[in-house]
Every structure is written in C-alpha cells, then in structure tokens.
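Student: Please read through the structure below; I'll follow up with questions.
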Amino acid sequence: MKCPHCGETLPFILCPECKGEILEKSRYCCWCGNPITVEVGETDLSERKLCSDGNCVGTINEKGVCNVCGKPYSGEPA
C-alpha cells in the first residue's frame, strides 16, 4: 500500500473478512467496514514510555522520540 501523497510504502495487513489491504493499525476495514480486533497480548501498555514533557500525552516510539511532539526521550515524565 502506498501513500497517495508521497508514494512511500506503508505497512499494511489484510482484512480477515474481505482480504483487502488496510493500514497496519486500522480499527476498521476501509473496504468492507469489518471491525479489526487486536490480538490479546499484542499490545502491552505496561511497557510503554510516556513523553518526558509533562504537558504532552504522547508515548516514546522505537526511534526514541515522542509520537506526538517529536521530542527525544530524556527520562521519566516531569
């Protein structure tokens, strides 16, 4: 699946109902409307790191920066 704006290849999964390509973290299929369920154990919220900026609600991604404000992780939230 490619981004319609920049052409970059985006990670996708197949809808279990219609087998259409949908973005990896979609909650619903854009082709048939089927709700996409998260497998148990796939997301462990206890291991996420909160943004160091005490005013931001983001979490730290695998690159070490906040997924909302983009600031690098500098330790526990203030």
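The values are calculated or read from the model by the stated rules, or taken from the named source; none is laboratory data. Quantities reported herein were computed from a predicted structural model and do not represent experimental measurements. Heads up, the Cβs are rebuilt from the backbone with ideal geometry, glycines too, and the neighbour counts pull from every protein chain shown.
Student: Can you tell me which residue in region 1-20 is surrounded by the most Cβ atoms within 10 Å (Cβ to Cβ), limited to those that are among the charged types (D, E, K, R) and under 12 Å from residue 32 (Cβ atoms)?
Tutor: 17
Student: I would also like to ask the following. Restricting to region 1-45, give me the number of residues that are of a type in the set (D, E, K, R) and modelled with pLDDT of 90 or more.
Tutor: The number of residues fulfilling the criteria is 4.
Student: Then there is this: Specify the residue that is surrounded by the fewest Cβ atoms within 10 Å (Cβ to Cβ); the eligible residues are those in region 21-35 that are charged (D, E, K, R) and closer than 15 Å to residue 2 by Cβ.
Tutor: 24
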